[in-house]
Amino acid sequence: ILNQKGCLGCHSVESLNLQGGAVGPDLSKAFVNVEGKHGKPIEEFLKKPTSAVMSGVIGKNPLTDDERKQVLELLKQASEK
């Protein structure tokens, strides 16, 4: 799902051995760190991001509920490694 939606163009997920771009931060701990960094739980952030870059990215290509669920599950797994 991360490749399908273009996430790996900017982000890696080192804990899952997913190599991607170096422009965005590694997403290995995003499941637990997004709320502290962006002021909302990751599920809400994926619906309506508070960062300028991600607002543009997700605004142009929003995730469906099913896609968001898949991303959340993958990021949850990454955070547990």
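Computed values, structure above
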{"read-out": "Conditions (1) within 11 Å of the chain's Cα centre (by Cα); (2) in a helix (DSSP H, G or I); number of the one not met by S28", "value": "(2)"}
{"read-out": "Members of region 1-53 that are touching a Lys or Arg at 6+ places or on another chain (Cβ under 9 Å), touching a residue at least 24 places away in the same chain (Cβ under 8 Å) and not aliphatic (A, V, I, L, M)", "value": "S15, S28, F31, E43"}
{"read-out": "Residue among S51, S15 that is at pLDDT 95 or above, surrounded by 14 or more Cβ atoms within 10 Å (Cβ to Cβ) and not hydrophobic (A, V, I, L, M, F, W, C)", "value": "S15"}
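The values are calculated or read from the model by the stated rules, or taken from the named source; none is laboratory data. Computed from a prediction, not measured in an experiment: that's the story for all the values here. Positions of Cβ are generated from backbone atoms using ideal geometry, with glycine treated the same way; all protein chains shown enter the neighbour counts.
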